1. Would region 92-103 turn up any residue that is buried (at least 16 other Cβ atoms within 10 Å of the Cβ), part of a strand (DSSP E or B) and at pLDDT 90 or above?
2. Anything in region 11-58 that is part of a loop (DSSP other than H, G, I, E, B) and crowded, with 20+ Cβ neighbours inside 10 Å? List them, or say none.
3. Anything in region 104-114 that is at pLDDT below 95, assigned to a loop (DSSP other than H, G, I, E, B) and within 14 Å of residue 13 (Cβ to Cβ)? List them, or say none.
4. How many residues does region 34-71 hold that are over 20 Å from residue 102 (Cβ atoms) and in contact with a helix residue (DSSP H, G or I) (Cβ under 6 Å, 6 or more places away or on another chain)?
5. So, in region 67-91, exactly how many residues are modelled with pLDDT under 90 and over 18 Å from residue 47 (Cα atoms)?
6. How many of the residues in region 17-33 are touching a residue at least 60 places away in the same chain (Cβ under 8 Å) and over 8 Å from the mean Cα position of the chain (by Cα)?
Amino acid sequence: MGTAKYDHPGYVADTGAEGKYHVGIWCPHGYPAHIHIGRPADRGDPSALLRLRIPDGVFQSLPDDPETLCRRALGQALDAGLLRSVAVDGEYQELRFQLDAEPWSGPMHAAERA
């Protein structure tokens, strides 16, 4: 997981019953921007379990800052029950990021750099 556009290590959110998740924006060259959600790692980079793809051509014009984008992604994942499935079966999922998703309002802090 990484945050190439923003040079930011992402965020760690404590969702309570759902557990802790590392949320970060990744913008690899030649690929659409996306937001990864995975479990925090004790050392090194966390593994993404869920990738929410930001629609092509939209990313550069989004008004949200990185934290708000990550909060929207986590809100979408929690509302849709996506985190329960990846936490149980460990299967990687990729879905489309909903630009109008309600941002999650719980505790979230900047992750430490690996």
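The values are calculated or read from the model by the stated rules, or taken from the named source; none is laboratory data. Bear in mind that the values here come from a model prediction, so they are computed numbers and not experimental data. When we count neighbours, we look across all protein chains shown, and the Cβ atoms used for this are built from the backbone with ideal geometry, even at glycine.
1. Looking for residues that are buried (at least 16 other Cβ atoms within 10 Å of the Cβ), part of a strand (DSSP E or B) and at pLDDT 90 or above, one finds none in region 92-103, hence no.
2. Scanning region 11-58 gives 33, 46, 54.
3. Matches in region 104-114: 111 only.
4. 1
5. 1
6. Initially, region 17-33 is screened for residues touching a residue at least 60 places away in the same chain (Cβ under 8 Å), giving 18-19, 21-24.
Applying the additional criterion that residues be over 8 Å from the mean Cα position of the chain (by Cα) yields 18-19, 21.
Residues that pass the stated criteria total 3.
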